[in-house]
Every structure is written in C-alpha cells, then in structure tokens.
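The values are calculated or read from the model by the stated rules, or taken from the named source; none is laboratory data. What you are looking at is a predicted structure, and each value in this text was computed from that prediction instead of being measured. Because the Cβ atoms are built from the backbone with ideal geometry, glycine has one as well, and the counts that use them run over all protein chains shown.
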Amino acid sequence: MEIPDTAVIIATRGRPQILTDTLQSIKRQTHRPFRVYVSVSSLEDAPPAELSKAVTELVGPPGGCAQRNTAIRHVPLDVKYIAFFDDDMEVHPSYLEQAVRFLEKNSDVVGISGILLADGKISREAARTLLESDATWRSGPSLKDRGPYHLLHGCNMVIRSGQLRETLFDENLPLYSYCEDYDLSLRLENFGRVGGLSNAVGVHLQTQTARVSGKRYGYAMIANNWYFLRL
C-alpha cells in the first residue's frame with residue numbers, strides 16, 4: 001500500500017541539543033516524512049547548522065499553540081497527515097509507518113497518539129535501548145479510544161490535516177499551553193474517533209530544561225482550566 005505524504009511539526013524553545021537528538025530519531029523513520037518543520041519564536045532556538053538543510057525553520061509568535069499553528073499554515077494542502085512531536089521524544093523507526101497505515105485503513109479515525117513505553121525520568125540513551133528491546137510495534141494495530149485513551153497526547157500525535165486545519169490549536173491558551181491536547185482532542189472528536197494506537201511506540205523524556213518557570217506553569221494550570229470551563 002502506498003503511504004501518502006506526512007509532515008512533521010516540532011515546536012521548540014531553547015533546547016538545541018535535545019532537539020537535535022529528536023530530529024535524528026525522526027530521520028530513522030521507515031516512512032520518511034514529506035518535510036519536517038521546526039517552529040520557533042527566535043532563530044536562537046533553531047537547530048544546528050548541520051541539520052538546518054534537513055528541516056524547514058519557521059519563526060513566529062511564541063507559545064506551543066501559536067508555534068504549531070504557524071507550522072500548520074505552511075504545510076501544503078495536499079499533505080494528508082500532520083504529525084506532532086515534542087522536542088524531547090524518541091520514537092520507534094516504525095512509528096509514522098504504523099500510524100499512517102492505520103489511518104489509511106480506518107477512515108473514521110481522525111487522529112492517533114502512540115503508546116509511551118516511558119514518560120519521564122529516562123535518559124535519551126536509555127530510551128533508545130528500551131525501544132530497541134521492545135516488541136510492541138510488532139503487534140497488530142488496535143485503537144484505544146475509551147476512558148483515558150480517548151484523548152490525544154500532545155507529545156506525539158498524527159492527525160488528518162483537513163480536519164486539523166478546520167480547528168487548529170487555541171492560541172488563547174497562554175504560556176505553556178497547558179492541556180492544549182485535551183482541548184484539541186475534544187474538538188477533533190466532532191469529526192471522528194481519536195485515541196491511542198497500540199503499535200505506534202515512543203518514549204517521552206520529559207526533559208525540564210528551558211521550560212517555563214514553575215510559577216508560570218502553575219498559573220497556566222489554573223487559568224487554562226478556568227478558560228475551558230467558560231467555553
């Protein structure tokens with residue numbers, strides 16, 4: 001089966017080495033993306049020169065939602081799927097291939113997130129070792145879309161571009177864009193199912209360097225939840 005074009009978007013800030021390692025992970029994908037977009041609010045956050053030819057660098061307003069929307073608007077309309085990864089993800093080489101093949105065979109599914117073998121408190125080296133030894137990706141695909149799995153996980157997700165363009169990320173969510181994946185998932189469910197795909201596998205390092213301060217993060221947790229209640 002021919003796999004249609006997929007774009008990858010990474011919004012990042014102040015973590016060039018961590019970003020570099022994640023770009024190397026994406027480079028090893030068996031389904032090579034049409035293009036990788038790195039969305040930043042300052043050129044200081046762009047990837048090193050040796051990787052700049054392999055990605056499209058975009059500069060726009062700061063914030064996770066705004067940076068992702070900046071990149072979405074640059075993806076050609078004929079690209080069928082858009083994948084989002086945090087800049088501290090390590091993904092199995094088969095991740096994009098598994099995700100896109102499943103979406104191609106299941107037209108009622110709008111978006112998926114992969115299964116995380118670990119989510120935090122793990123080094124890049126340990127993440128790679130874990131992915132190399134795990135056989136989850138060999139299993140048959142199934143979608144977990146009930147209970148806690150009916151929401152996408154913002155650190156890794158693949159979404160149909162047409163439906164995504166109709167809703168985009170809510171740029172009213174400030175600073176850390178806390179719970180932007182929760183908000184997006186609920187709006188995407190107006191178009192079809194979303195959930196966790198059993199054989200798209202990754203590891204989220206949850207590296208804390210260069211993140212917003214704890215005070216601002218705490219503010220976003222309260223302010224964003226209040227904002228959702230008022231919608």
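Exactly one condition in (1) surrounded by fewer than 16 Cβ atoms within 10 Å (Cβ to Cβ); (2) modelled with pLDDT of 95 or more; (3) touching a helix residue (DSSP H, G or I) at 6+ places or on another chain (Cβ under 9 Å); (4) part of a helix (DSSP H, G or I) is false for Leu131; which is it?
Unmet for Leu131, out of (1) surrounded by fewer than 16 Cβ atoms within 10 Å (Cβ to Cβ); (2) modelled with pLDDT of 95 or more; (3) touching a helix residue (DSSP H, G or I) at 6+ places or on another chain (Cβ under 9 Å); (4) part of a helix (DSSP H, G or I): (1).
Taking strands (runs of 3 or more DSSP E) that do not extend beyond region 1-70, which have at least 1 residues that are acidic (Asp, Glu), buried (at least 19 other Cβ atoms within 10 Å of the Cβ) and modelled with pLDDT under 90?
none
Considering each of Leu117, Leu103, Leu173 in turn, give the residue that is hydrophobic (A, V, I, L, M, F, W, C) and either assigned to a helix (DSSP H, G or I) or farther than 22 Å from Gln206 by Cβ (or both).
Leu103
Condition check: closer than 27 Å to Thr70 by Cα, in contact with a helix residue (DSSP H, G or I) (Cβ under 7 Å, 6 or more places away or on another chain) and modelled with pLDDT of 95 or more. Does Leu152 satisfy that?
Details: closer than 27 Å to Thr70 by Cα: yes; in contact with a helix residue (DSSP H, G or I) (Cβ under 7 Å, 6 or more places away or on another chain): yes; modelled with pLDDT of 95 or more: yes.
Criteria met by Leu152.
For the structure I just gave you, tell me whether Ser142 is farther than 30 Å from Gln208 by Cα, surrounded by fewer than 17 Cβ atoms within 10 Å (Cβ to Cβ) and in contact with a strand residue (DSSP E or B) (Cβ under 6 Å, 6 or more places away or on another chain).
yes
Got a sec? Which of Leu184, Leu164 is under 22 Å from Met89 (Cα atoms) and without any contact (Cβ under 8 Å) to a residue 40 or more places away in the chain?
Values: Leu164 fails: without any contact (Cβ under 8 Å) to a residue 40 or more places away in the chain.
Unique residue meeting the criteria: Leu184.
Please go through (1) more than 23 Å from Glu132 (Cβ to Cβ); (2) in contact with a helix residue (DSSP H, G or I) (Cβ under 6 Å, 6 or more places away or on another chain); (3) surrounded by fewer than 21 Cβ atoms within 10 Å (Cβ to Cβ) for Ser94 and return the number of the only condition it doesn't satisfy.
(1)
Using beta carbons and a limit of 6 Å, which pairs, at least six apart or on different chains, have the first residue in region 132-145 and over 29 Å from Glu189 (Cβ atoms) and the second one in a strand (DSSP E or B) and at pLDDT 95 or above?
Short answer, once both residue conditions are applied: Asp134/Leu117.
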